[in-house]
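K.L.:
First the structure, then my questions, so here it is.
The values are calculated or read from the model by the stated rules, or taken from the named source; none is laboratory data. All values reported here derive from a predicted model rather than from experimental measurement. Neighbour counts are summed over all protein chains in view; Cβ atoms, including those assigned to glycine, are modelled from backbone coordinates with ideal geometry. These area figures cover heavy atoms from the full protein model, side chains too; ligands, DNA and RNA do not enter into them. Shrake-Rupley method; radii C 1.70, N 1.55, O 1.52, S 1.80 Å.
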Amino acid sequence: MSLNLFSVVLAVLLRLSAQNDSLVQLQDEGVKTNESHGLDITSRILEANKGIDLVLVEGDVALSRKRNAMKCWSGNCKWTKSYKGLVEVPFTISDYFYDSERASIRKAMETFHQKTCVRFAPHRGQSDHLSIESEMGCWSTIGKDGGRQVVSLSVNGCLDRGIIQHELLHAQGFHHEHTRSDRDQYVRINWGNIPAVNVFDFHKMDTNNLNTPYDYSSVMHYGRTAFAETFGAETITPIPDSSVPIGQREDMSDIDILRINRLYGCNI
């Protein structure tokens, strides 16, 4: 057996072993393996990101090594719009993913193609591009970061449609909904239920809200108990109606789509 073939076989065996270990651990703990699908998107992301060494802000935002701030509304943080009116985002997908997993990623991109002027296109040597990889956890930087830009979609918990879209929206320049500048009119942050180490994750950002309403149903909105110090305690409560569902969507909302079109000036 050649060295290259041996390396491929070894990598596949290690991956299968890791997946089996995860399944056994869940069964040993008495947890149903499909239980995570009942959680809101951000709860699933935070669960997938437990224990990783990378410093992440707001649970899944990687800090840029090329920019000093997270704010990304200036032209150099947006992906380039062509003379045809399309915003091309070149990307590669790691060979680590199985064909079915690669198909899931492409499927999640289809809403962008159908309802916005953003087009995720295969990388053809461009300097700036997304490299979609199965690193530890689900995370992305905010906006176009320059050069090869990793979007992590771990095969262990990050390949649901809404999670993929969530990270791709970060990569296009969008923050979490609960951090937008006018959020105090729409939600109450329950600081007493938030551990001190996570307080920064709930700070407001100086966002450009693009004249769109606050969107409780956004795929970018945290769930009620995100980062809660005590299991089940609410960290975010909608106001004035506390019964409004948040963090429940599995796909981009109409307002998510509207924001993309306004940010990039899509004629749709």
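K.L.:
Amide H to amide H, which residues 5 or more places from Ser131 or on other chains are under 5 Å from it, using H placed in the peptide plane?
P.N.:
Result for Ser131 returns Thr92, Gln149, Val150, Val151.
K.L.:
A further question follows. Skipping prolines and chain starts, which residues have an amide H placed within reach, meaning under 5 Å, of the one on Asn156, given they are 5 or more residues away or on another chain?
P.N.:
It is none; the list stays empty.
K.L.:
Going through the cross-link list Lys81/Lys115; Lys115/Lys144; Lys107/Lys204; Lys66/Lys115, which pairs have a Cα-Cα distance over 25 Å in this structure?
P.N.:
Over 25 Å apart, Cα to Cα: Lys107/Lys204; Lys66/Lys115.
K.L.:
Can you give me the long-range amide H partners of Val187? Hydrogens built in the peptide plane at 1.01 Å from N, cutoff under 5 Å, separation of 5 or more residues or another chain.
P.N.:
Under 5 Å from the amide H of Val187: Ile239.
K.L.:
Where does each of 136-149, 195-208 land if you order them by average Cβ count within 10 Å, highest first?
P.N.:
136-149, 195-208
K.L.:
Which shape class, rounded, prolate or oblate, goes with region 97-225 when its Cα gyration tensor gives a ≥ b ≥ c as root eigenvalues, a/c under 1.5 marks rounded, and past that a/b bigger than b/c marks prolate?
P.N.:
Since a/c reaches 1.5 and a/b is larger than b/c, the shape of region 97-225 is classed as prolate.
K.L.:
To continue, here is another question. Could you give me the ³J(HN,Hα) list for region 169-176, computed from phi with Karplus coefficients 6.51, -1.76, 1.60 and θ = phi - 60°, whole Hz, x at Gly and Pro?
P.N.:
In residue order, the calculated couplings are 5, 4, 5, 8, x, 9, 8, 5 Hz.
K.L.:
Step through the residues of region 262-268 one at a time and calculate ³J(HN,Hα) from phi using the Karplus curve (6.51 cos²θ - 1.76 cosθ + 1.60, θ = phi - 60°), rounding each to whole Hz and writing x for Gly and Pro.
P.N.:
Per-residue couplings from phi come out as 6, 4, 9, x, 6, 8, 10 Hz.
K.L.:
Moving to a separate point now. If you count, for each residue, the other Cβ atoms within 10 Å and average over each peptide, how do 94-100, 239-245, 54-60, 254-260 line up from highest to lowest?
P.N.:
Ranked by mean Cβ neighbours within 10 Å, highest first: 254-260, 54-60, 94-100, 239-245.
K.L.:
Here's a follow-up. What whole-number volume per residue, in cubic angstrom, does the convex hull of the C-alpha atoms of region 168-268 give?
P.N.:
Per-residue hull volume (Cα only) is 108 Å³.
K.L.:
If you don't mind, another one. HN-Hα J couplings of region 148-161 from phi, Karplus 6.51/-1.76/1.60, θ = phi - 60°, integer Hz, Gly and Pro as x?
P.N.:
Result, ordered by residue: 6, 10, 7, 10, 8, 10, 4, 5, 9, x, 10, 9, 6, 3 Hz.
K.L.:
Another question, then. Counting only protein heavy atoms and using a 1.4 Å probe, what share of the accessible area of region 185-243 belongs to carbon plus sulfur, as a whole percent?
P.N.:
Ligands and nucleic acids excluded, carbon and sulfur reach 54 percent.
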